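Have a look at the structure below before the remarks.
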Amino acid sequence: MLKINEEQWQVAKEKLRRKYNHLSDEDLAFQAGEEDKLINRLSLRLGRKPSYVLFTIGKEIEDISSNRL
């Protein structure tokens, strides 16, 4: 399971917003401890498997200072 803190999520959220510009604020809403809900919501919205969303977010927070998507 992926654990995300608020600081990491703010950066990852902006990266996701640039990569998938159709995502709304509601799609990207996050509360600590509810990572599974976020993964499932984004999976449905993006039409991708949860494992893809998990991998994508994991890469974004792995190198939080990078501007790469």
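Key figures for this structure:
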| item | result |
| --- | --- |
| For the chain: accessible area per residue (Å², 1.4 Å) | 67 |
| Gained length - LYS3 relative to SER51, 0.36 nm times residue gap less alpha-carbon distance | 15.8 nm |
| Assigned charges on the beta-carbon of Lys, Arg, Asp, Glu; segment 6-67 dipole about Cα centre (debye) | 420 |
| Placed amide H near ILE4: partners under 5 Å, 5+ positions off or other chain | GLY33 |
| Extreme residue, positive dipole direction of the chain, given options GLY33, ALA12, GLY47 (C-beta unit charges) | GLY47 |
| Exposure of LYS49 as accessible area (Å², to 10), given a probe of 1.4 Å and all protein chains | 150 |
| Whichever aspartates and glutamates have a C-alpha closer than 14 Å to that of LYS3, once near sequence neighbours (fewer than 8 apart) are set aside | GLU34, GLU35, ASP36, GLU60, GLU62 |
| Dimensions (Å) - segment 6-67, Cα atoms, principal axes, largest first | 28, 25, 22 |
| SER24, SER51, SER43, reordered so the largest accessible area comes first (probe 1.4 Å) | SER51, SER24, SER43 |
| Over the chain: helical MRE at 222 nm, DSSP H runs n ≥ 4 each giving -39500 (n - 2.57), nearest 500 | -18000 deg cm²/dmol |
| Integer Hz, Karplus 6.51/-1.76/1.60 couplings in order for segment 19-30, x for Gly and Pro | 6, 10, 5, 8, 6, 8, 4, 5, 4, 9, 5, 9 |
| Protein accessible area in the chain, 1.4 Å probe - carbon and sulfur % | 49 |
| Phi to ³J(HN,Hα) by Karplus 6.51 cos²θ - 1.76 cosθ + 1.60 over segment 46-58, Hz, x for Gly, Pro | 8, x, 10, 5, x, 5, 5, 4, 4, 4, 4, 5, x |
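The values are calculated or read from the model by the stated rules, or taken from the named source; none is laboratory data. As the structure is a computational prediction, the values presented were derived from the model and not from experiment. Positions of Cβ are backbone-derived with ideal geometry, glycine not excepted, and every protein chain shown enters the neighbour counts. We work out accessible area using only protein heavy atoms, side chains counted, and drop any ligands, DNA or RNA first. Shrake-Rupley method; radii C 1.70, N 1.55, O 1.52, S 1.80 Å.
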